[in-house]
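> This is the structure I want to talk about, given as structure tokens.
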Amino acid sequence: MNHSSNEKEPETIEPLRYLSKTEVATVETELLRDYRFGQQQLIEMWGHACAIAITKAFPLSSLSKKQPTLLVVCGPEQNGSIGLVCARHLRMFEYEPTIFYPKRSPQSLYQDFTVQCEKMDIPFLSYLPTEVQLLNDAYNLVIDAILGPETDHKEVKEPYAGMLVTLKQVKIPIVSVDVPSGWDVDEPAKDGINPEVLISLTAPKKCAAGFSGKHFLAGRFLPYDIQKKYELNLPEFPGTECVIEL
């Protein structure tokens with residue numbers, strides 16, 4: 001018997017949308033204003049999801065050094081706070097993060113995240129060694145939570161410009177949070193740092209379209225109305241995962 005007439009046409013899967021800098025800001029404003037998400041809540045969800053993505057990319061058993069050391073480099077804005085939250089969760093997952101956070105934000109929300117890390121006995125570096133070999137020897141990987149989509153990549157000032165020069169030279173893997181520092185959000189990098197792993201938050205950004213390393217999408221909380229409105233075409237996350245490898 002021929003059943004083919006009853007068979008459903010396979011659904012065409014729309015490609016995942018990569019957001020521009022303006023769209024990223026619009027979606028975030030809508031989440032905060034219309035959907036009543038709190039900024040602290042979003043940073044917590046993103047930071048937690050980043051930590052989980054890192055455990056998938058670099059399980060404890062796969063780390064080459066005896067101690068599971070990581071260096072989390074945090075910038076002054078929201079991306080830096082996501083790095084702080086990520087470090088705290090990695091500590092809970094038995095990793096040994098050290099944080100470099102050269103310009104601490106005066107915002108009380110960001111200060112709260114700093115205190116939480118201090119209370120977890122996570123060490124803070126007072127300076128970033130420019131001697132790259134020291135970083136290669138001390139850490140298994142670097143987490144780049146320096147400049148997020150909110151930063152203008154052309155306006156990178158010190159100490160961040162110098163930090164990027166150092167990070168371009170490290171031999172250990174770099175994991176970038178949302179946007180690799182120094183990249184233009186709207187187009188693939190010409191000369192930023194070169195991460196091995198990128199963790200896109202909520203939806204990937206345009207600059208990630210040509211990214212050739214391991215690419216995770218983290219943060220599974222977007223209301224369906226927003227997903228539909230911006231035609232994000234997010235992938236199906238498996239089971240109860242908040243992270244998926246693209």
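> So how many residues does segment 77-122 have that are in a loop (DSSP other than H, G, I, E, B), closer than 17 Å to residue 144 by Cα and either open to solvent by 20 Å² or more (accessible area, probe 1.4 Å) or touching a His at 6+ places or on another chain (Cβ under 8 Å) (or both)?
Number of matching residues: 4.
Yes/no per residue for (1) at negative phi; (2) at pLDDT 95 or above:
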| site | (1), (2) |
| --- | --- |
| 163 | yes, no |
| 182 | no, no |
| 197 | yes, yes |
| 200 | yes, yes |
| 203 | yes, no |
| 220 | yes, no |
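> Further, regarding this structure: State the number of residues belonging to segment 28-62 that are open to solvent by 10 Å² or more (accessible area, probe 1.4 Å) and either in contact with a strand residue (DSSP E or B) (Cβ under 8 Å, 6 or more places away or on another chain) or of a type in the set (D, E, K, R) (or both). Step through it out loud before you land on a result.
Pass one, segment 28-62, residues open to solvent by 10 Å² or more (accessible area, probe 1.4 Å): 28-30, 32-41, 44-46, 48, 52, 55-62.
From the residues that got through so far, the ones that are either in contact with a strand residue (DSSP E or B) (Cβ under 8 Å, 6 or more places away or on another chain) or of a type in the set (D, E, K, R) (or both) too are 28, 30, 33-34, 36, 44, 46, 52, 56-58.
Adding up the residues that qualify gives 11.
> Also, quick follow-up: From the residues in segment 125-147 that are open to solvent by 50 Å² or more (accessible area, probe 1.4 Å) and hydroxyl-bearing (Ser, Thr, Tyr), which one is farthest from residue 86 (Cα to Cα)?
130
> Among the listed residues 217, 198, 246, 167, which satisfies the condition of being touching a His at 6+ places or on another chain (Cβ under 6 Å) and open to solvent by less than 20 Å² (accessible area, probe 1.4 Å)?
On the way: 217 fails: touching a His at 6+ places or on another chain (Cβ under 6 Å); 246 fails: open to solvent by less than 20 Å² (accessible area, probe 1.4 Å); 167 fails: touching a His at 6+ places or on another chain (Cβ under 6 Å).
Answer to the selection: 198.
> For segment 197-246, enumerate the residues that are in a strand (DSSP E or B), among the basic types (Lys, Arg) and over 18 Å from residue 23 (Cβ atoms).
Of the residues in segment 197-246, the ones in a strand (DSSP E or B) are 197-201, 205, 214-218, 243-245.
Imposing the further condition that a residue be among the basic types (Lys, Arg) reduces the set to 205, 214.
Hit for segment 197-246 is 214, nothing else.
> When segment 138-160 is examined, which residues are found to be of a type in the set (A, V, I, L, M) and part of a loop (DSSP other than H, G, I, E, B)?
Looking only at segment 138-160, we keep the residues that are of a type in the set (A, V, I, L, M), and these are 138, 141-143, 145-147, 156.
Across segment 138-160, the qualifying residues are 146, 147, 156.
> Also, I was wondering about something else. In this structure, is residue 9 in a loop (DSSP other than H, G, I, E, B), over 27 Å from residue 149 (Cα atoms) and at pLDDT 95 or above?
Numbers: in a loop (DSSP other than H, G, I, E, B): yes; over 27 Å from residue 149 (Cα atoms): yes; at pLDDT 95 or above: no.
No: the conditions fail for residue 9.
> Got a sec? Which of 206, 228 is in contact (Cβ under 8 Å) with a residue 40 or more places away in the chain, basic (Lys, Arg) and either crowded, with 17+ Cβ neighbours inside 10 Å or under 26 Å from residue 35 (Cβ atoms) (or both)?
Details: 228 fails: in contact (Cβ under 8 Å) with a residue 40 or more places away in the chain.
Being in contact (Cβ under 8 Å) with a residue 40 or more places away in the chain, basic (Lys, Arg) and either crowded, with 17+ Cβ neighbours inside 10 Å or under 26 Å from residue 35 (Cβ atoms) (or both) holds for just one of 206, 228, which is 206.
The values are calculated or read from the model by the stated rules, or taken from the named source; none is laboratory data. No experiment lies behind these values; they were computed from the predicted model shown. Cβ: placed from backbone, ideal geometry, glycine included. Neighbour counts: every protein chain shown. For the accessible areas, the whole protein counts, side chains as well, though only heavy atoms, and no ligand, DNA or RNA atoms are used. Shrake-Rupley method; radii C 1.70, N 1.55, O 1.52, S 1.80 Å.
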